[in-house]
Amino acid sequence: MRPSVILKIGARYMQPLLLLASIFLMSRGHNDPGGGFVGGLVASTGFALLAFADSVEAAKKALRFDSRSFIPLGLTLALGSGIIAFFFGKPFMTGYWLPFTIPIFKYFGVPALFDLGVYFAVLGVTLTIIFNAATQEE
Amino acid sequence: MKIPLIILPLLIPLATALLGVALRRHAAAQRIVSGIGSLAGLAAASALLYTVATQGIQVMQAGDWPAPFGITLASDLLSAILAFMTAFTGCIVVLYSFGSINEDKTLFGYYPFTHFLLFGVTGAFLTGDIFNLYVWFEVLLTASFILLTLGGSLKQIDGGLKYVVLNLISSLFFLTATGILYATIGTLNMADIATQVALGKHKTIMLTISLMYIIAFGTKAALFPFFFWLPASYHTAPVAVTTIFSALLSKVGIYVLLRIFTLIFVENTAFIDGLLLILAGATMIVGVLGAVAQTDVRRLLAFHIVSQIGYMAMGLGLHSALAIAGTIYFIIHIMCAKSALFLVGGVMRRITGTFDLNKMGNLARTRPALAVAFFVPAMALAGIPPLSGFWGKFQLVLAGLELKSYAIVVVALCVSALTLFSMVKIWNKAFWKPMPPDSEAAMAAMPPMTGTELVCMGAPIVILGLCTVLMGIFCQPVVEFLMRASEQLLNPAEYIRVVLGGGHI
């Protein structure tokens, strides 16, 4: 089955929007509804849309890096966020915040870093599964 | 910088697994990382065990949220002993894998997932929060499912499917029971649950919940009548994987039963203990009868796992200090002896090219060292003095006689005789009888073992064999130490005090 042209063009515009929306969701997760998990899922829908509307190759090209690389990256960020507390002599995962605000995240600290890790891990896992399933179907 | 000791046995396997995933294209680098990671994990777990033994129960409140609001990690002697045994088994299996896991499986992520499995199992032993325990079970279940189907042969997928479906059903029971518990009591911290349950306001519902937990963890531990998944799936994986499963997975189920029936559900003990004893007896008998009927080495040993789980449940059902110490002793003994037997099975397969006992023969003459390596753990499993299995069974039987539970004692002794019978069966078929003429060609076709294979596959077997001998000879100090662990379990006031009493790191 040839993908429809409208869906294909539409997906190209939708994908960056979904990516933006996912960053928005992820960046507010530590104080408001949202978070790394849902953010990662929304980001991967963008790439999944590309994969189905256009081709898996197009989606992989848009992602630039191997989807599997995001899994250790995300988990390492999450692990690293937990270890920070050891430098202050506190138990694993104790929350610390930067004293100033930064763009996008506003407040940035241990929970936000953990969320960022979850974001990448979810993105990596979801896309690896989707790309594998889509490739085997063809 | 101050790192709480209790979290190190968790962080090290996780970091090792992550490094392994990052290096997934380099088989040699993965082996090095995996080896160093396992040794570091063993060092951390030994340090934890030493600290718990000398300074008492260790607690960490994750995120510095005070109990019961945050997630608590807590390690008493039982947790520390089992975390140590997990790290030890990890080292042994990783060493064996160097000689037995091929390049393909390594590139598929064998080592990282082994460490994820160790991460999940250790987490289950160290957590003090019942929902967190559920999460650890998910971690270890996911990792074990991947390890079980690694390589993706049809037989493995078939076994893996049974494994995952039955384990998910038991997880569902676990989750439902935890949900009801949370709705009734409003806390998930195990020490806090224990104080609330002790008020005695919810006796009927607690009985229901504890029965649901018996179903959930009875399935995980492979107790009768929930054991079917184990013999259906374990023999399909590579030997190294089967070994780590047999040493760790069902023991996590037994550990949780030990924990909740000494800490939380201490009412209605007579009824629950009676039920556990019946299940224990049935598990022993069905397991050993299943084993007697098998001719595939791995299937035979898989049925024995079930049978031995019965002994552990027996100790819990008897519920005296001696019996629980006997259960812990038995867990350690099985982790050594049963792992050694699986590993010997792997070497037998490597030499003869088959797991089928009918197609083997004459190994005692052609491979005398292997015969000794089999004989020691096999006799330990059957319970021949002075090896470890004898003292384990001796403690359990003694505890049974003290409590006048004669029926279970008779069952335990008969099953022990049948265990000896099936070990003798392996001995006769694989080591003594002459080689069947038609399988000589198959054996000759196997390439001779290389030096690396010989060291990597041989050394773990020798170490485990020595452990069963040493545990038997130095039985007295070991049992005294385990009695301390057992007393700690039966008097949970100290555990509750340390967890809830603002015990910051």
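The values are calculated or read from the model by the stated rules, or taken from the named source; none is laboratory data. Note that the structure is predicted; figures quoted are calculated from it, not measured. Note: ideal-geometry Cβ built from the backbone for every residue, glycine included; neighbour counts use all protein chains shown. These accessible areas exclude ligands, DNA and RNA; they are computed on the full protein's heavy atoms, side chains included. Shrake-Rupley method; radii C 1.70, N 1.55, O 1.52, S 1.80 Å.
Listing for the model above:
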| read-out | value |
| --- | --- |
| Residues B:Thr142 and B:Ile169, FRET efficiency given R0 of 25 Å [Cβ-Cβ distance, rounded to 0.05] | 0.95 |
| Set of aspartates and glutamates with alpha-carbon distance to B:Lys155 below 19 Å, sequence-local pairs under 8 removed | B:Asp104, B:Asp296, B:Asp356 |
| Expected-Rg normalisation [2.2 N^0.38 Å, Cα atoms] applied to the stretch B:311-493 | 1.19 |
| Heavy-atom accessible surface that A and B bury in contact, both chains counted, 1.4 Å, Å² to 100 | 1500 Å² |
| Cross-link pairs beyond the 21 Å C-alpha cut-off, checked among B:Lys105/B:Lys220; B:Lys162/B:Lys220; B:Lys162/B:Lys251; B:Lys251/B:Lys393 | B:Lys105/B:Lys220 |
| Span-like helix ranges in chain A, DSSP H, alpha carbon extent 18 angstrom or more, Kyte mean at least 0.5 | A:5-28, A:36-53, A:70-83, A:110-137 |
| Label-zone membership for the stretch B:361-381, site B:Leu420, 7 angstrom Cα→C-beta point, backbone N under 13 Å | B:379-381 |
| Shape call, the protein assembly as shown: gyration tensor on alpha carbons, a/c limit 1.5 | oblate |
| Square roots of 5 times each gyration tensor eigenvalue, C-alpha, the stretch A:5-137, largest first, Å | 31, 17, 9 |
| Inter-centroid distance (Cα atoms) of the stretch B:178-203 relative to the stretch B:204-249, Å | 25 Å |
| 1.4 Å probe, heavy atoms, protein only - residues of the stretch A:71-107 losing at least 20 Å² accessible area vs chain alone | A:Pro72, A:Leu75, A:Leu79, A:Phe86, A:Phe87, A:Gly89, A:Lys90, A:Pro91, A:Phe92, A:Thr94 |
| Label-point separation in nm, A:Phe65 to B:Lys201, each point 7 Å along Cα→Cβ | 5.1 nm |
| Any cysteine of the protein assembly as shown lacking a neighbouring Cys Cβ under 4.7 Å - listed by number | B:Cys91, B:Cys414, B:Cys456, B:Cys475 |
| Coil-residue trypsin sites (Lys or Arg not before Pro) of the stretch B:364-449, DSSP, other Cβ within 10 Å capped at 12 | B:Lys404 |
| Long-range HN-HN contacts of B:Asp296 with modeled amide H, under 5 Å | B:Leu357 |
| Theoretical FRET efficiency, 1/(1+(r/R0)^6), r = Cβ-Cβ of B:Thr54 and B:Phe394, R0 30 Å, to 0.05 | 0.55 |
| Accessible surface of the protein assembly as shown, 1.4 Å probe, proportion on carbon and sulfur as whole % | 71 percent |
| Calculated [θ] (222 nm, deg cm²/dmol) that DSSP helices of n ≥ 4 give over the protein assembly as shown, each run adding -39,500 (n - 2.57) | -25000 deg cm²/dmol |
| Probe 1.4 Å, accessible area per residue of the stretch B:311-493, Å² | 40 Å² |
| Label zone at B:Lys155, where the point sits 7 Å out along the Cα-to-Cβ direction: the stretch B:321-361 residues whose backbone N lies under 12 Å | B:354-357 |
| Point-to-point label distance, B:Phe228-A:Ser4, nm (Cα→Cβ direction, 7 Å offset) | 4.7 nm |
